[in-house]
Structure formats: structure tokens, C-alpha cells
């Protein structure tokens, strides 16, 4: 398998989200320093979450094209999202019991503690709180502020299912179809930008969905044109990086980032830089676990120790990565290893 930097980049993006969350969770500010430096156009979380969706589009579209069919594809996607998610939800409910402002019996009778897992497993609805938990924290009540993006991520997996038909056609058709989709999404994004009457399906808003879909499909488009092997990739990377820095304080940066940020992420990610391209082989893909465990871990640390932002950062970042490492080696890796067996079992039932 060709070595690349994607495991490192995903871990970096997850770490940026952890750093960003330190500020509101410690009560210092709703935003991190990059937000104020960039005139409200960027934040560490902004880079992290958008980077995730770009990489996801690049890799998941390739996974779709390699799949034997819809069942094979969906099995892989479900096993990637749900096992780790279910475990973190269960552990969250258990450990939140130790941060509950009441007795153990009262916690067991707490309806919101029992609904937390099934509601959040839907990915369409979200339950952000359990009554009586983290009431005294600087960021009151919020249990896991990272979960809201997972529903959008899974919706991207479903959105591209119809593109399976492209397997029957040559690459130029792939390029044409994805080009049209990206243009349509960009027009929708501009149209909906200042629309206050947003259509919602559960917690998923159409405007935000278009935003993430545009990033996701930009990654998919770059995989089709094979930007990683394009002879002009280095000049493209340099120009896009300069523009990204130069325009970060520009009022229209939000729209320009759809053009300049995806090639930066994919060109760097698809390369193989000695020392960081082997991160996945050494530690595993710990980014997802880091992402979903960090917020409740940070809230628990604040509940017990009342850290300042620096202390929270120094403790929670390595702790979150360690939890991500445990999640990969104890849950995610084993779930993904069963994808062929699950697919074959389902195939035998049809």
C-alpha cells in the first residue's frame, strides 16, 4: 500500500479541534486565538473539521469505487462510524454519573441519562446534555460538542451512494459528473449563505450540509483527477498556500476557501514525508477516537480540577490522543476487520 500523510493529517486536525475546545470549556472565550487573529474567518476547529471532510471525500469516494455494491460500501461505512460511537456514548453515560449533582439512585432515575445513547445514535437528533451533569462547569451542561459533525459525515456517505453507477463509465465521465455536482453545491452554498429560514432535517441544516458537502465533494473531485500525481501539484500547493494565508482576513474568505483549501490538504496528505507517513503503521488511525472522546474528557477534567486553559490543553491533548489510541486498538480496528465477514453474511441472506 502506498504510504501517505493522511493518518498524520487527520490526527493533526483532531488535535486542532481539541485545542479549540479548550477555550470555551475552560471559560476563557468562545473562540481560540486564531479566530481573533484572522478577523473571525478562521479557528483551529475551522481548519480541523474542514480538513476532515476534505480527506473523507477523497478517501471515501475511492472506497465507493472499489466496493462490490451498495451493501459492501455501507457495511464498511457503518463499521467505521458506529462501534466507536456506541462505546463512547456508553462510557460517557457511565462516567457522567460521577459528575452528577445528586445521588446514584437519582441518576438511575434520570430520564435524560437513559435517552442519551439512543438519541445520539440516530445521528439525526442530538442530545447535548444530561440533566444535572456539568451544571457548575464554565461551559455548562454540554457533554460532547464534537458529535454534531458525525451526522453530516454519515449523510455524505449516503449522498454519494448513487454515484456507484460511475463504475461502468470511463474517467472523463467521472470528472464531468463530479464537476457538475461541485458547481451545483457551490451555487447552493452562495444562495443559502444569508438565508435565515433554513430547512432542517433533525439537527442537520441545509446550509451547513451544503457547506460540508462542497468540501467533501471537492476532495472526491481531486481524487478523480488524481491531483496527487499531477506534475503541477507543487506549484498548485505553493500558490494555494500563499492565497490561504493572504486572504484569511478577507471578508469573502469563506467562499474562496472551497477552491484553495482542498488542494492544500490533499496534496500534502497524498505525499509521503519521511517520519510522519508511518504514523498510521506505528500507532493506528487514532484520529476518530481522539475526536469523539476529547470533549467529554475535557469536561470531566474541568469538573474535578477547574484547570485554566493552558493546564487543560497540556493535560487533555495527550489524554485525548491516548483515548483515541485505545479506541482504535480495542474497538475500531477489530470492527473493521470484520467487514468482509459481515458483508458475506448479509450477501447470503439476499
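The values are calculated or read from the model by the stated rules, or taken from the named source; none is laboratory data. These numbers were taken from a predicted model, which means no experiment stands behind them. Every residue, glycine as well, gets a Cβ built from its backbone with ideal geometry; the counts of neighbours run over all protein chains shown.
At a glance:
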quantity: Enumeration of residues in the stretch 24-63 that are over 17 Å from residue 215 (Cβ atoms) and touching a helix residue (DSSP H, G or I) at 6+ places or on another chain (Cβ under 6 Å); calculated: 25, 26, 28, 29, 30, 32, 34
quantity: Selection count where residues are free of Cβ contacts under 8 Å to residues at least 60 places away in the same chain, within 19 Å of the chain's Cα centre (by Cα) and surrounded by fewer than 18 Cβ atoms within 10 Å (Cβ to Cβ), scope the stretch 320-345; calculated: 4
quantity: Conditions (1) under 30 Å from residue 229 (Cα atoms); (2) surrounded by fewer than 21 Cβ atoms within 10 Å (Cβ to Cβ); (3) touching a helix residue (DSSP H, G or I) at 6+ places or on another chain (Cβ under 6 Å); (4) modelled with pLDDT of 95 or more; number of the one not met by residue 127; calculated: (1)
quantity: Search result, residues across the stretch 305-324 that are in contact with a helix residue (DSSP H, G or I) (Cβ under 8 Å, 6 or more places away or on another chain) and under 22 Å from residue 93 (Cβ atoms); calculated: 305, 316, 319, 320, 323, 324
quantity: Residue within the stretch 272-286 that is under 21 Å from the mean Cα position of the chain (by Cα), modelled with pLDDT of 95 or more, in a loop (DSSP other than H, G, I, E, B) and surrounded by 13 or more Cβ atoms within 10 Å (Cβ to Cβ) present; calculated: yes
quantity: Of all residues making up the stretch 118-144, the number that are in contact with a strand residue (DSSP E or B) (Cβ under 7 Å, 6 or more places away or on another chain) and under 22 Å from residue 81 (Cα atoms); calculated: 2
quantity: Enumeration of residues in the stretch 74-103 that are out of contact with any helix residue (DSSP H, G or I) (no Cβ under 7 Å at 6 or more places or on another chain), assigned to a helix (DSSP H, G or I) and surrounded by fewer than 20 Cβ atoms within 10 Å (Cβ to Cβ); calculated: 74, 78, 82, 91, 94, 98
